[in-house]
């Protein structure tokens, strides 16, 4: 019992430290670079099943959208814009996935609201966002909302909204990361990027 208590205490300290080491502001993040590989972690689908991201990415070259949550109007507009361009993206040989700190239950709400065809995944505790280097300390005004939307797993981080294009090994071929959450990669520019990656001049 004593050993278990020590273990839980250590895990708690590690969790606190990981959030304590987060960049204070979105402008301070240090994301992975083009040519680096997305780390393999487990993500949850809306049905709560766990999926290895390496397994997801191995199926096809992938466009990965990282968004703040279904509560963010800018994120919802971007998800819908990418949805409108989905056929063109698929025809270029890519699949689309979107990842946020929302719980699987809240992913379902977003999915049904926007009738998305592509897959949503939950990174509620920020394991992937931290590993990729796009997480930062959430401003105080977001803390309660983030905890609620993640079912208590998000203790105070936000991802900088980002778009990564990766190959089937998870290697980053392109990335768009803007600390200004109101500024997003347009679907037309994304398609131009994908066309260029497929057929570089």
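Rounded to the nearest 500, what is the 222 nm mean residue ellipticity of the chain from helices alone, with -39500 (n - 2.57) per DSSP H run of 4+ residues and division by all residues?
Details: 8 runs with 79 residues, N = 201.
Dividing the helical sum by the residues of the chain leaves -11500 deg cm²/dmol.
Computed from Cα atoms, the angle from the helix 104-114 axis to the main principal axis of the chain rounds to 30 degrees.
Taking the C-alpha atoms only, the angle from helix 187-198 to the longest principal axis of the chain is near 80 degrees.
Bridge orientation summary for the chain: considering DSSP beta bridges with both residues in this region, about 65 percent are antiparallel. Here the range 33-57 is scanned for amide nitrogen atoms under 15 Å from the site 7 Å beyond the Cα of residue 151 along Cα-to-Cβ, giving 43-51.
Compute the angle between helix 2-20 and the longest alpha-carbon principal axis of the chain, please, reported from 0 to 90 degrees and rounded to the nearest 10. So the helix axis and the longest Cα principal axis differ by about 50 degrees. Principal axis analysis of the Cα atoms in the chain yields extents of 62, 33, 33 Å, listed in decreasing size. Within the listed set 44, 151, 113, the Gaussian network model of the chain (springs between alpha-carbon atoms below 10 Å) gives the highest mean-square fluctuation for 113. In this rough spin-label picture, where each label sits 7 Å from Cα along the Cβ direction, the residue 55-residue 183 distance is 3.9 nm. For a modelled paramagnetic label at residue 87, 7 Å from Cα along Cα-to-Cβ, the residues of the range 177-201 in reach, with backbone nitrogen under 17 Å, are 187-188, 191.
Quick check: from the Cα gyration tensor, does the range 118-201 come out rounded (a/c under 1.5), prolate or oblate? Prolate is the answer for the range 118-201, as a/c is 1.5 or above and a/b outweighs b/c.
All of the numbers you see were taken from the coordinates with simple rules; none came from a lab. Computed from a prediction, not measured in an experiment: that's the story for all the values here. Quick reminder, even Gly has a Cβ in these numbers, built from the backbone with ideal geometry, and neighbours come from all protein chains shown.
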